[in-house]
Amino acid sequence: MTAVSNEALIQVSDYFKVLSEVSRLRVLCVLKEGGKKNVSEIISATGLGQANVSKHLKMLTQSGFVTREPQGVSVYYSIDDPIVFQLCELVCTELSNRFEQQAQQSERLRDLSQTI
């Protein structure tokens, strides 16, 4: 087995830290659904405050998830790393499978308790 460097693990950890905030995921989902959006459009779609959206967009841009494109007096943001959605889909599928298994186990326990 190949050892992974500490520096590589730190980069992976930092990548997942960016995705660990619900508000940032909401911003990413808005951008996925609607393409390029400015801050006002993202605020409207997410219900988050201006300072909050700006803070998350800054982090998403610095991390390479989102690209920032000035157009006149506005700045538009769009997805720069679409693989993030494949990762989210993988996680959602795994969570769905786990919840299904838990529901089946609960049903078996319920059936067992009724027979006792």
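The values are calculated or read from the model by the stated rules, or taken from the named source; none is laboratory data. Computed from a predicted structure; not experimentally measured. Please note: Cβ atoms are built from the backbone with ideal geometry, for glycine as well, and neighbour counts cover all protein chains shown.
Against the definition (in the same structural domain as S20 (by TED's automatic domain parsing) and either in contact with a Gly (Cβ under 6 Å, 6 or more places away or on another chain) or assigned to a helix (DSSP H, G or I) (or both)), how does E69 come out, yes or no? So E69 does not fit the description; no.
Screening region 100-116 for residues that are among the hydrophobic types (A, V, I, L, M, F, W, C) and assigned to a helix (DSSP H, G or I) and picking the one that is nearest to the chain's Cα centre (by Cα) gives A103. In this structure, does L60 turn out to be under 20 Å from V18 (Cβ atoms), in contact with a strand residue (DSSP E or B) (Cβ under 6 Å, 6 or more places away or on another chain) and in contact (Cβ under 8 Å) with a residue 40 or more places away in the chain? Yes: the conditions hold for L60. Cβ-Cβ distances below 6 Å connect the following pairs, each with a first residue in region 4-33 that is in contact (Cβ under 8 Å) with a residue 24 or more places away in the chain, a second residue that is assigned to a loop (DSSP other than H, G, I, E, B), and a separation of six or more residues or different chains: V18/S63; S23/L48.
Which residue, of S63, S54, S74, is crowded, with 17+ Cβ neighbours inside 10 Å and farther than 11 Å from L31 by Cα? Break it down into steps so the answer makes sense when it comes.
Details: S54 fails: crowded, with 17+ Cβ neighbours inside 10 Å; S74 fails: crowded, with 17+ Cβ neighbours inside 10 Å.
Sole residue among the options that is crowded, with 17+ Cβ neighbours inside 10 Å and farther than 11 Å from L31 by Cα: S63.
Could you say which residue among V75, V30 is β-branched (V, I, T), in contact with a strand residue (DSSP E or B) (Cβ under 7 Å, 6 or more places away or on another chain) and part of a helix (DSSP H, G or I)?
Values: V75 fails: part of a helix (DSSP H, G or I).
None of the others qualify; the one that does is V30.
Has region 31-48 got any residue that is among the β-branched types (V, I, T), over 14 Å from the mean Cα position of the chain (by Cα), at pLDDT 90 or above and loosely packed, with under 14 Cβ neighbours inside 10 Å?
In the first step, residues of region 31-48 are kept if they are among the β-branched types (V, I, T); the result is 39, 42-43, 46.
If we keep only those that are over 14 Å from the mean Cα position of the chain (by Cα) too, we end up with 39, 42-43.
Still in the running and at pLDDT 90 or above: 39, 42-43.
Next, only the ones that are loosely packed, with under 14 Cβ neighbours inside 10 Å stay: none.
Checking region 31-48: not a single residue is among the β-branched types (V, I, T), over 14 Å from the mean Cα position of the chain (by Cα), at pLDDT 90 or above and loosely packed, with under 14 Cβ neighbours inside 10 Å.
Is it the case that V84 is in contact (Cβ under 8 Å) with a residue 60 or more places away in the chain, within 19 Å of V12 (Cα to Cα) and surrounded by 15 or more Cβ atoms within 10 Å (Cβ to Cβ)? Yes: the conditions hold for V84.
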